[in-house]
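Here is the structure we will look at, set down as structure tokens.
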Amino acid sequence: MYQPVSHLVRSSDLSSDTPSVSSSRATVARPSAEPLARVPQPKMLRDRLQAIAADVAAAWRADTLPKNVSTPAGLRAEAEKVVVRGGGRSEHVGWVMVALVTAYWRDRLAEPDGRRLLLLPDCRHAEGRREGPATCGPQCVYATLASAAADSGWQVTSTRDAAAAIAGVLGGLYQGVLGVASLDELEKAFALLPPFAMPIAAVPVNEAAAGPSVAEAVAGAEPSKPAASEHGRRGCPAEQVDAEWVLGLLGVAGGSVSPVADHLPLLRESAEMFTRESLAELVEDLGLGAAESACLGADAPLAAVNATGRLGIDFLTRGGKFLRPFMALAAFDAVVADGRAEQVVPAHAGGERRQARAAAVAIEVFHKSSLVHDDIEDDDAMRYGRPTMHRDYGVPTAINAGDYLIGLGYRMISAIEKLSSGPERDTSLQRDLLAILSQAHLELARGQGAELWWRDAPEKKLSPEEALEIYGLKTSPAFAAAVEMGVRLAGCDPRQAGALGEYALHVGIAFQVLNDLKDWHGDLENLREAAGDLLAGRPTVLWAVAMQRLDEPGRARLLQLSQAVSPAAAKQQASRLVEARELYATAGVFSCAREMILDHRHKASQAAATCRMSRLRDVLDFLLDLAVPEQGLADAG
């Protein structure tokens, strides 16, 4: 039996039915009428044209921007040359014009100083209008992009606000804007401004997508209603936008495009498992019974006996990053591939991929239950853009719903053998998965208990080492459990994968310290919304460092500032936070936190290097960049 350790000790061919422009021609032949702008197909052609455009733009940045490209006609002429070199067609010129401008501003968008804005369209399958870009659910490609942008320090809003965004750049509010919209609308919007006049870049959506109109938004017109979905499921096709291009411009995963592109389908799959339809299918396959099936029927009459389950399932489908299920699936797929490449000899028969999907759902169910209880204990007001469950339904009901999710997660693991279709059974699989999950559950409870004990202590004495220990208990075990479950489901003992416990410990600590650091970076409004740990009396390593480094008057004043203030007293809250930030700066808290993050990031990388399975090691490196991006650290500086 595997005994989990405590995490504190340690494209396709370039074939097309349409003819390309001959590379021997000096210019793109123009028909009598201007061709309709099109996104180049297939993706291999887009990648080649984008690479050529990037080379041209790099030469412009290194030297002097040619005067002729400062006009639309001149920019079009340069784009025609790129199309000829890349073997494109005349209708691809507009797309290349956008690619040239975007490539020119790429480095400027990556600069950490200043506020940057991402404009996203409404998904064509989203229902109703809402603040910000409307998505069709957590599985939506635009939801994935919005979450990645927010994690990297970008502001995110809808293309409906394009006019205000451009005004914000003109007024110095934003130092860069990246917009995603249809090519036709981007050309109209770009025509309103001289090319290269300001750092505004864009990524066109493919023709199949019907997003909101940037030009209509700039003009103040009402955007057209999204078309009804022709797909048999709720959701949107990933190919409607080159998401890897957007992610690269956002600086996700250290600015590297390829790893994100490689893992984007799996990120989407992880989110899609938490639609009601997918959960209902899983519940049926696991044979969990009519009670859970009834809780998944959103349109069914609500009976008292199903109320708790309905609340729990609703919270499960609200949203989130779904990072833990992604980690479990990515680890499973990687170890299976490493086994086929004979890089590892599995110690067990292992499970099937549908079992890995079920286990990935289970670990997210546990995570969501901890969030319900954590919100109660911290009395947080909002979660996923909506009131927290205990604010909506009361503390007793929320506690019960969180308990329901714990039971649901263990029930899923207990039934996972039903998903095995092969003759060979891994008799110890279920037992090992329960051991991994229960160990993580125990450590999470210990970490939360330590935080509550400190919060309620009459004298708030906390060393930086104690704060980091709490972080390690609260954040790291779930990361370790996700990877260990994926490895074990693939047939390997987690100990065969190297120092996974050490890896998860350092990733979790760096992740939490980076989140703390981001809370104090930005303008006053962001500070008032994000730096609530101080006013709520929750322990952070930033607080511990400040109390260790400040003189006695400074420590006394910081203690006074941490006393609870009525949420209605907004001005008093704001002034306290500003003064606290000044005390933190005086104590060198922010530079110390950045050193901690770099130290733990380095230690996590060293732990990942102990893994001798190449594909799994690549996954660990990617997860480190995803959880603790170097660009995010620069943004928080």
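The values are calculated or read from the model by the stated rules, or taken from the named source; none is laboratory data. Fair warning: this is a prediction, and the values are worked out from it, not measured in the lab. Using ideal geometry, Cβ is built from the backbone for each residue, glycine included, and neighbour counts are taken over all protein chains shown. The area values use the complete protein model at the heavy-atom level, side chains included, leaving out ligands, DNA and RNA. Shrake-Rupley method; radii C 1.70, N 1.55, O 1.52, S 1.80 Å.
Residues of segment 322-340 include at least one that is assigned to a loop (DSSP other than H, G, I, E, B), touching a helix residue (DSSP H, G or I) at 6+ places or on another chain (Cβ under 9 Å) and farther than 25 Å from P423 by Cβ.
When R431 is tested against (1) among the basic types (K, R); (2) open to solvent by 60 Å² or more (accessible area, probe 1.4 Å); (3) under 26 Å from the mean Cα position of the chain (by Cα), exactly one condition is not met: (3).
For K518, the conditions (1) of a type in the set (K, R); (2) within 23 Å of H602 (Cβ to Cβ); (3) modelled with pLDDT of 90 or more all hold with the exception of (3).
Taking each residue of segment 448-468 that is closer than 19 Å to E377 by Cβ and assigned to a helix (DSSP H, G or I) and looking for partners that are charged (D, E, K, R) and modelled with pLDDT under 80 with beta-carbon atoms closer than 8 Å, six or more apart or interchain, yields E451/R538; W454/K460; R455/R538. Of all residues in segment 73-88, none satisfies being touching an Asp or Glu at 6+ places or on another chain (Cβ under 8 Å) and either surrounded by fewer than 21 Cβ atoms within 10 Å (Cβ to Cβ) or basic (K, R) (or both). Only one of the numbered conditions (1) open to solvent by 10 Å² or more (accessible area, probe 1.4 Å); (2) of a type in the set (D, E, K, R); (3) at pLDDT 70 or above is violated by K188, and that is (3).
Have a look at F332, F315 and point out the one that is farther than 25 Å from A291 by Cβ, open to solvent by less than 30 Å² (accessible area, probe 1.4 Å), at pLDDT 90 or above and within 23 Å of the chain's Cα centre (by Cα).
Among F332, F315, only F332 is farther than 25 Å from A291 by Cβ, open to solvent by less than 30 Å² (accessible area, probe 1.4 Å), at pLDDT 90 or above and within 23 Å of the chain's Cα centre (by Cα).
Candidates in segment 341-365 are the residues that are assigned to a helix (DSSP H, G or I) and charged (D, E, K, R); of these, the one that is least open to solvent (accessible area, probe 1.4 Å) is E364. Of the residues A482, A490, A497, A467, the single one that is buried (at least 22 other Cβ atoms within 10 Å of the Cβ), of a type outside the set (D, E, K, R) and touching a Leu at 6+ places or on another chain (Cβ under 7 Å) is A497.
The C-beta contact set for segment 47-65 (first residue at pLDDT below 85, second residue open to solvent by 20 Å² or more (accessible area, probe 1.4 Å) and assigned to a helix (DSSP H, G or I), distance under 8 angstrom, 6+ apart or interchain) comprises R61/Y104; R61/D107; L65/Y104.
From S414, S369, grab the single residue that is among the small types (G, A, S), farther than 22 Å from V619 by Cβ and crowded, with 19+ Cβ neighbours inside 10 Å. Please lay out each step first, then the result.
Numbers: S414 fails: crowded, with 19+ Cβ neighbours inside 10 Å.
After ruling out the rest, the residue left standing is S369.
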